[in-house]
Amino acid sequence: MTVGKRVFTKRKLANPEIVKGFAGIPASNIGDAFERIGCMDPRIKLMSNPEGVSWSGNALTIKSRGGDNLLIHYVLERVAVEGDFLIVSNEGCPTRSVIGQNMACSMESLKLAGIVIDGPIRDLDAIKNMALPVYATGACPGGPSKDGPGEINVPLACGNIMINPGDVIVGDQDGICVIPRQEAANILEKARIKFEADQAGLARAKAGTNYNHKWAGELAKMGFEIIDDCYTC
């Protein structure tokens, strides 16, 4: 095989019902469910306007040279299927946008779950109103090259998180969570429990009963001194 110019057409995927089960659960609850180690860097932000609480899909990974979108075009032509969440490792190139309105419209027509790019997009005036979840570091008018090299469906890093082909991707207004495919069922169960607990806590907060000496007790355990006086020097 020619490393740097490889296209793997197959991936191992999580159970489709498990993938769908993540949709609607906030990314924060999902991240908390596996020790907060799978959330992407906040420099990667939601740039569009999808409906709903959160959106999930199967990771289709694209490893590209900085500022090059050759393999994104190929994926849209030959590889991507409904429900895929494209993950583009663009070497963090800040001056070349790798997708614009036309490519985003193609993704919508394919019914993709979304796209995450560790670089900028362009045509923001159109993309910001689209229902397709589009995550990027920002916007830049500079266009891409189409020369390669790159690889499809290989492990890569995006937003300081490692992603394998077929991992479960969940995005919401806060950002992106990456769930290892092999752990998806277990993490979904924990995320649902976390979500229910969080909703109960929200109800207590709205009722003004969320603080019931819990944190005072924690400080006491840690040996904090509570001084009923002003600080003087």
**Prompt:** Does Ile44 satisfy being of a type in the set (Val, Ile, Thr) and under 17 Å from Gln173 (Cβ atoms)?
**Reply:** yes
**Request:** Only residues that are assigned to a helix (DSSP H, G or I) and of a type in the set (A, V, I, L, M, F, W, C): list them for the range 199-233, please.
**Result:** Ala200, Leu202, Ala203, Ala205, Ala207, Trp215, Ala216, Leu219, Ala220
**Prompt:** Mind checking which residues of the range 191-213 are over 29 Å from Val170 (Cβ atoms) and either in contact (Cβ under 8 Å) with a residue 60 or more places away in the chain or loosely packed, with under 10 Cβ neighbours inside 10 Å (or both)?
**Reply:** Ala207, Gly208, Thr209, Asn212, His213
**Request:** Could you pull out the residue among Asn160, Asn212 that is out of contact with any strand residue (DSSP E or B) (no Cβ under 7 Å at 6 or more places or on another chain) and either more than 15 Å from Val116 (Cβ to Cβ) or among the basic types (Lys, Arg) (or both)?
**Result:** Asn212
**Item:** Lone unmet requirement of (1) under 18 Å from the mean Cα position of the chain (by Cα); (2) buried (at least 16 other Cβ atoms within 10 Å of the Cβ) for Gln182
**Value:** (2)
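Read-outs throughout are calculated quantities, based only on the coordinates presented, and are distinct from any laboratory measurement. Owing to the predicted nature of the structure, the values given are computational and were not obtained by experimental measurement. Neighbour counts run over all protein chains shown; Cβ positions are idealised from the backbone, glycine included.
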